[in-house]
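The structure under discussion appears below in the form of structure tokens.
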Amino acid sequence: MNLALAYVDQNRDKFLADLREILTIPSISTDPERKADMQRAAEWISLQLRGLGMAKVQVMPTAGHPVVFGEWLGAGTSAPTVLIYGHYDVQPPDPLELWSSPPFEPEVRGDYLYARGAADMKGQVLACLKAVEAIVRTGALPVNIKWLIEGEEEIGSENLDLFIQEHKDLLACDFCLNADAGMLAAGEPSITTGLRGLAYYELRVHGPAKDLHSGMYGGIVHNPAQVLSELIAGMHDAKGKVMLPGFYDKVRRLSPGERRDFARLPVRDRMYREQAGVSALWGEPGFTPAERVGARPTLEVNGLLSGFTGVGSKTVLPAWAMAKISCRLVPDQTEAGTTRQLRAYLKQRAPRDIRWELVYLHGAGAALTSTGNPGVQAMRLAMKEVWGKEPHFLREGGSIGVVVQLQRHLKVDSILCGFALPDSDMHSPNEKQHLPTWFRGIETMVRFVHHLA
């Protein structure tokens, strides 16, 4: 292990150069015009795996973007097998005018590397690759490793579930290492043990057959934009409680021990306010902000569209209105159950003179991993050695679909970590990776592998 750690220290410039190289590839999975760049990024990852001596390295097709696979099973059947998950696709960089430097021309400024994908999650994939490189260049891997690097995480991993089902034997492992989470702060190592699920919808409300003159028809034809606004407003009470019938029926109560764990997290109201840029927090009473984010379900409006929204004025009564709505789910809630609850609410509340339709777009289940998992404990020890303190166990508010898919199809849990920070501006202009934390992350991964063995 010491030789591998010395290799990391001696090759910092090379590691950073490799990271900058993969960041120049605009692998935007949602953009059809970037299909060739998606293939190029997948091939780049596969070349890295071949250079590390991995076997069966393949860029495997799916109905969408390809999956990169590789493995090394030289540690034998008595050693654990770790499946390392990552994704090489990135979010669109828009709006481009808000970037201080071009999103696919990586630039180091101070302790940060700025580029789309630097934090989410090419930087995290490279941390895993470079940790394995340090080990194989100075000795032998003490565990078996498989790689599953996909290209559709940013569009909901649309084809990954089927891929895992069809390749269960190929992907068989003891657990998954997933670096697509993050840390609470640069000096606060963290292991994520819980994720909320997701159910995402489009709600469409239809009224007249076409847009109408608001002077001629206002007051006699029900306005779909008004109906949608009233429906949305009724989905919460004044204190933030979700009003869908039965929404909280299966939500687990937090135990006193779990509430103590949340209270120990170094997050305060002020931190959330500053990160969000708001003057005050809002939400379900009786729970701290950390509890609301990690262990309570939510319903949010993600977008609204109706009528005339251009420059100037146009007096129309719109024919339709649309809202994008997402629910974050906690363990024991399901996408199907939430869909039934939302439909029941709409049947109760929608007026009879309009027509509505609810379209389920995509979702993911919630997940919990035991802190006693051997992989979690190996990561805990590695982080403690690197940062000189015990890592925090936390529950994230977001969703990572592959975690639930691996639980469902391979019966394995995921060790969730990562070295992106809350201010990394993932999905926003000027995304960045804190480089001192990134290099510490590579060292953590080296130690993790050895402690696991």
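Sequence-distant or interchain residues sharing an amide H contact under 5 Å with ASN430, placed H: which?
SER100
Among HIS434, HIS392, which comes first, second and so on when ranked by fewest other beta-carbon atoms within 10 Å?
Numbers: HIS434 24, HIS392 20.
Final ranking by Cβ density, sparse to dense: HIS392, HIS434.
Could you let me know the centre-to-centre spacing of segment 100-134 and segment 141-184, using Cα atoms, in angstrom?
What the calculation gives is 20 Å, centre to centre.
Using only helices, what value at 222 nm comes out for the chain when you add -39,500 (n - 2.57) per DSSP H run of length 4 or more and divide by the total residues, to the nearest 500 deg cm²/dmol? Walk me through the intermediate numbers first.
Numbers: 15 runs with 161 residues, N = 453.
The helix-only estimate for the chain comes to -10500 deg cm²/dmol at 222 nm.
Tell me, how many Å apart are the Cα centres for segment 396-453 and for segment 1-53?
16 Å
For LEU184, enumerate residues with amide H under 5 Å from its amide H, sequence gap 5+ or separate chain, H modeled in the peptide plane.
SER190
What residue among VAL293, TYR345, PRO318 has its Cα farthest toward the positive end of the dipole of segment 220-345, where the charges are +1 on Lys, Arg and -1 on Asp, Glu, each on the Cβ?
Of the listed residues, the answer is VAL293.
When only C-alpha pairs under 8 Å and at least 6 residues apart count, what is the relative contact order of segment 196-303, in percent? Write down the numbers at each step before the final one.
Values: 48 pairs, mean separation 31.2, N = 108.
Once divided by the residue count of segment 196-303, the mean separation gives 29 percent.
What list of ³J(HN,Hα) values in whole Hz, one per residue of segment 58-66 in order, does the Karplus curve 6.51 cos²θ - 1.76 cosθ + 1.60 (θ = phi - 60°) give from phi, with Gly and Pro shown as x?
9, 9, 9, x, 10, 5, x, 8, x
Could you give me the ³J(HN,Hα) list for segment 391-402, computed from phi with Karplus coefficients 6.51, -1.76, 1.60 and θ = phi - 60°, whole Hz, x at Gly and Pro?
x, 8, 9, 9, 10, 8, x, x, 10, 10, x, 5
Normalising by the residue count of segment 276-407, find the relative contact order in percent from Cα pairs under 8 Å and 6+ residues apart.
It comes to 23 percent, rounded to a whole number.
Rounding to the nearest 10 and keeping the result within 0 to 90°, find how far the Cα-based axis of helix 335-349 lies from the longest principal axis of the chain.
10 degrees
When the Debye formula is applied to the Cα atoms of segment 155-258, each taken as the same point scatterer, what base-10 log of I(q)/I(0) results at q = 0.11, 0.12, 0.13 Å⁻¹?
With no solvent term, the Cα-only Debye profile gives -0.77, -0.85, -0.92.
Return the sequence-ordered ³J(HN,Hα) values of segment 33-38 in whole Hz as given by the Karplus equation 6.51 cos²θ - 1.76 cosθ + 1.60 applied to θ = phi - 60°, using x for Gly and Pro.
In residue order, the calculated couplings are 6, 9, 4, 5, 5, 4 Hz.
Sort VAL67, VAL301 so the one with the fewest other Cβ atoms within 10 Å of its own Cβ comes first.
VAL301, VAL67
Where does each of PHE175, PHE439 land when they are ranked from fewest to most other beta-carbon atoms within 10 angstrom? Each step should come with its number before you reach the end.
Details: PHE175 22, PHE439 19.
In order of increasing Cβ crowding within 10 Å: PHE439, PHE175.
For HIS236, enumerate residues with amide H under 5 Å from its amide H, sequence gap 5+ or separate chain, H modeled in the peptide plane.
Answer set, sorted by chain and number: MET243.
Using only Cα atoms, tell me the angle between helix 122-138 and the longest principal axis of the chain; keep it within 0 to 90° and round to the nearest 10.
Tilt relative to the chain: about 10 degrees.
Suppose a student asked you for the relative contact order of the chain, using Cα pairs under 8 Å spaced at least 6 residues apart; what percent would you report?
Values: 905 pairs, mean separation 116.1, N = 453.
In percent, rounded to a whole number, it is 26.
Each reported figure results from applying straightforward, stated rules to the coordinates on display, with no laboratory input. Bear in mind the structure is a predicted one, so any value in this text is a computation, not a measurement. In this analysis, Cβ positions are derived from the backbone assuming ideal geometry, glycine residues included, and neighbour counts consider all displayed protein chains.
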